[in-house]
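Participant: Pasting a structure here, questions to come.
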Amino acid sequence: MIDLLIFSKVHKSLKIYCFKLIILPARALVGKTMLFEPGRFQLMDKPDATRHIKTRTKKESLTKEERQKQLEFQNEAVVHLNSLYNYALHLTMNPDDAEDLVQETYLKAYRFFNSFERGTNCKAWLFKILKNNYINRFRKNSKEPGKVDYDLIKDFYHSIKDIRSDTSEAESDYFHSLLHEEVYQALHSLPEEFREVIQLCDIEGFTYEEIANMVESPIGTVRSRLYRGRKLLREQLEEYAKKYGFNTDKDQ
Amino acid sequence: MNCPKARILMSAAVDGELSRKEEEGFLLHLTKCLECKGEFEEAKKTKMIIKERIIQFKAPQTLVHSIMQLTSVSAIEHEDTLFFE
């Protein structure tokens, strides 16, 4: 009885073993051989096989693609980090907010890097993203950044290295006697629409077309804002100059 | 060209954004109008002042690191999801 049970068990497992050993490879073999046979099987089975191969290469190439994307992103986008940070600082007037804004911008830019039109100005693309982030973050949520704190800016100026060289110290023009803080304050005393275009044009060196795209206004508007903005700024700077005893008329 | 037209072109003249034809007209006007010429010179000077006097800060090292990490981490995440598909 026991012998019979054992035998049947052995028989069963043997059957399973045989099935695994013979039938499965045979099926697989049939599946494979069918591929090489002429007729409709080939047509039906072939796409399956190529799809299989394709997914494998896709996996490998995507990783490669990802690495390439990363490298391209570093070369195209990350190189503008300083400019972006400065722009964020100008917008938020707050170092912490600026850092957050730049981080958010890069995260978004990386995610959508495929949609960046190659050959166009990547810096302009990043600025546009940052500006949109800024609007969403601070304007829509009515979470306005703190009021301009000039003492903070002053400290900030003194605590951070100047990465521009002072080439114009020799000039005695009253304009050149102005300090960084004064120009900065004058710029920030302007209404935002003027300050923004001046910043994008004079500091960041964007073209009118790029600026128009960023501020979502026609080029004509950019022109007139720059004209009025510079005029206002000049008046402000002359005020400073007069305050410090420079005769601005004589320099004309 | 008259003064109002010249003023419209003023900023673009400063930034080299005029078309050749516009530039010719603008410069011709400046030879006749001292006021516009003075304003043009002042505008150029203002641009220069901003360029030279506004300090560009360096992004803090912590920010640089987090940006570098940000891009490489998302790349690795992407790789992981591929392997588990």
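No lab work stands behind these numbers, since they all come straight from the coordinates. Keep in mind the model is a prediction, meaning the values are calculated, not measured. Because the Cβ atoms are built from the backbone with ideal geometry, glycine has one as well, and the counts that use them run over all protein chains shown.
Participant: Please give the FRET efficiency for A:Asp100 paired with A:Lys242, using the beta carbon to beta carbon distance and R0 = 45 Å, rounded to the nearest 0.05.
Facilitator: On the way: r = 39 Å, r/R0 = 0.88.
Here the calculated transfer efficiency is 0.70.
Participant: Within a 10 angstrom radius of each residue's Cβ in A:106-113, how many Cβ atoms of other chains show up on average? Whole number is fine. Numbers along the way, then the final one.
Facilitator: Numbers: counts 6, 5, 0, 3, 7, 1, 0, 1.
Whole-number average of other-chain Cβ neighbours for A:106-113 is 3.
Participant: Treating each Cα of the range A:64-146 as an identical point scatterer and ignoring solvent, apply the Debye formula and state log10 I(q)/I(0) at q = 0.12, 0.14, 0.19, 0.23 Å⁻¹.
Facilitator: Treating every Cα as an identical point scatterer, log10 I(q)/I(0) equals -0.35, -0.46, -0.78, -1.05.
Participant: Also, quick follow-up: Please average, across the residues of B:5-17, the number of beta carbons from any other chain that are within 10 Å of each residue's own beta carbon, and give a whole number. Intermediate values should be presented prior to the final figure.
Facilitator: On the way: counts 0, 0, 5, 4, 2, 7, 14, 8, 2, 5, 10, 1, 9.
What the average comes to for B:5-17 is 5.
Participant: May I ask you to derive the FRET efficiency for A:Arg118 and B:Lys51 from their Cβ-Cβ distance with R0 = 22 Å, giving the value to the nearest 0.05? Kindly include the intermediate steps, with their values, before the conclusion.
Facilitator: Details: r = 29 Å, r/R0 = 1.33.
It comes out at approximately 0.15.
Participant: When the Karplus curve 6.51 cos²θ - 1.76 cosθ + 1.60 is applied with θ = phi - 60°, which whole-Hz ³J(HN,Hα) does each residue of the range B:9-24 get, with x for Gly and Pro?
Facilitator: 8, 3, 5, 5, 5, 4, 8, x, 10, 8, 6, 4, 5, 4, 4, 4
Participant: Mind listing the phi-derived Karplus ³J(HN,Hα) values for the range A:72-78, rounded to whole Hz, using 6.51, -1.76 and 1.60 with θ = phi - 60°, and x for any glycine or proline?
Facilitator: 5, 5, 4, 6, 8, 9, 5
Participant: Another question, then. In nm, to one decimal, how far is the A:Ser189 label point from the A:Glu235 one, both placed 7 Å along Cα→Cβ?
Facilitator: 1.1 nm
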